[in-house]
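Remarks on the structure that follows.
The values are calculated or read from the model by the stated rules, or taken from the named source; none is laboratory data. Quick caveat: nothing in here was measured; it's all calculated off a predicted structure. Note: ideal-geometry Cβ built from the backbone for every residue, glycine included; neighbour counts use all protein chains shown. For the accessible areas, the whole protein counts, side chains as well, though only heavy atoms, and no ligand, DNA or RNA atoms are used. Shrake-Rupley method; radii C 1.70, N 1.55, O 1.52, S 1.80 Å.
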Amino acid sequence: MRAPKLTRRSFLKTAAAGSAVAATVGILAGCTHEAQEESEEPVVVDEDSADDVLSSYEEAESTLTVENSWSLPLGNVLHPGEGTWIPVTTAGASATPMLKASALSLASGELLEVVPEPIGKQTTTVIYDARCSDSVYAWLELDYVTRAWSLYAAPFADGALSGETVTLSEGDANYDPAPFAVSGSTVVWQQQPSAGGEKTSEHSFCYLWHAGDTQAKAVVESFGRFATTPQISGGAVILAPRVRSDSVVFYGVTAYSLADDLETQLGQLVMPQNVRPFRATRVGERFLVSVEASYSTGGLLGQMGTYIGTAESGFARINREPSECGCGHADLFIVKSNASYLAVDLAKHSISSLPSADRIVDYGEYPARAGECDLFVTFSTVKDATTGYPASVAVRTFRL
């Protein structure tokens, strides 16, 4: 999808949630960071050059204690959020609607419905995903038969939508449901061709919109699909576009400044040839990148595991199969490991385990934070003590 096609859907629509379309706003053509033929050199370093966290760090007792905990009804799934409100998708009481979009207050533990039903009127349309900050709520709706989708956003305050809902993007089965992230008053999302559709040769783009603006804009172009979903961390947006146009595949994990709408590149880690990052974010000035497979070439970063660091300062490696995106604050990093978490302190060269909640199901706990944070939020489905069946969702917070 080349730059002139950025306006193939030439306008965005606004509406109150659940009501008819009310107004239109424009979308800017062009792209801040167009795909370039050349990029920085890939980072290929010796496999023995990283600190192996599991074998060389000292085991320590965890210093993390539960600050707050709540029990939610079964069927609630938390998603990463940055502020006082955590986005939640909530199972409906019946098949219609199948899911609702909600928000959990970390101040009170109150769970509030934000979008009680899809805007889309087809009976096969469901709320598919949700993200929020303390001032913007965004959600994606998907028709599970046609695979058509729409991404919406609206101002958000005190657990409720507080203004008009904007249709940020739309697509059909030829385009993936847009991965997106929210920070402050900003929503960023990626529009990219489906791997199995008719548009696989098109370029992908990352877009940015501020609440209240009459226009959104394209900010980053990729030669094909992005490798990871967008993450917003510590004032940076982390993306992994494909950075070269030839048949050789290179992905560049790149941090852009959110303060100037991604015009400034804060850092980049170009992965070895053909190595696809699985998750990627940034804590402070260190990248936090995981690779879910081992490659025959590529040196250190071509091996399965999670890596913390930069090409200039070196890396620490957690040699385990990665799962969710990690998070951290200063020198302390939290990485999901099987049913629990590893807490890695790079300054003290120590590692500890964060115990899971009692009676969790086999899938373990999942984080509701990603990237930079000082309050870690985790959730898990837990079993009833008497029946052994899943009964509720436990949410816990830990101060980092």
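Mean residue ellipticity, 222 nm, helices only, the chain: the sum of -39500 (n - 2.57) across DSSP H runs of n ≥ 4, divided by residue count and rounded to 500, is 0 deg cm²/dmol. Straight-line cross-link partners of K348 among the aspartates and glutamates, defined as a Cα under 17 Å from its Cα and at least 8 positions apart when in the same chain: D51, D52, E58, E59, E61, D331.
Nearest 0.05, what FRET efficiency do S94 and Q122 give at R0 = 25 Å with Cβ-Cβ as r? Please report the intermediate quantities before stating the final value.
Values: r = 17 Å, r/R0 = 0.67.
Plugging the Cβ-Cβ distance into 1/(1 + (r/R0)^6) gives 0.90.
Within the stretch 346-373, find all residues whose amide N lies under 17 Å from a label point positioned 7 Å from the Cα of S313 along Cα-to-beta-carbon. Within reach of a label on S313: 346-350, 371-373. By accessible area, using a 1.4 Å probe on protein heavy atoms only, the chain has 46% of its surface on carbon and sulfur.
Toward the positive end of the charge dipole of the chain, with +1 on the Cβ of Lys and Arg and -1 on the Cβ of Asp and Glu, the farthest Cα among Y256, G75, L346 is that of G75. Which one, A107, A60, A236, has the greatest fluctuation when you compute a Gaussian network model over the chain with C-alpha springs under 10 angstrom? So, out of A107, A60, A236, the one fluctuating most is A107.
At full extension, T63 and D374 could sit 110.6 nm farther apart than now, given 0.36 nm per residue minus the alpha carbon distance. Here the Gaussian network model covers the chain, with springs between Cα atoms less than 10 Å apart; of T165, T84, T387, T387 fluctuates the most.
Below 8 Å, C-alpha to C-alpha, sequence gap of six or more: please give me the relative contact order for the stretch 217-317 in percent.
RCO, the stretch 217-317: 19 percent.
Remark: the stretch 54-111 carries 52 Å² of accessible area per residue (probe radius 1.4 Å; ligands, DNA and RNA excluded).
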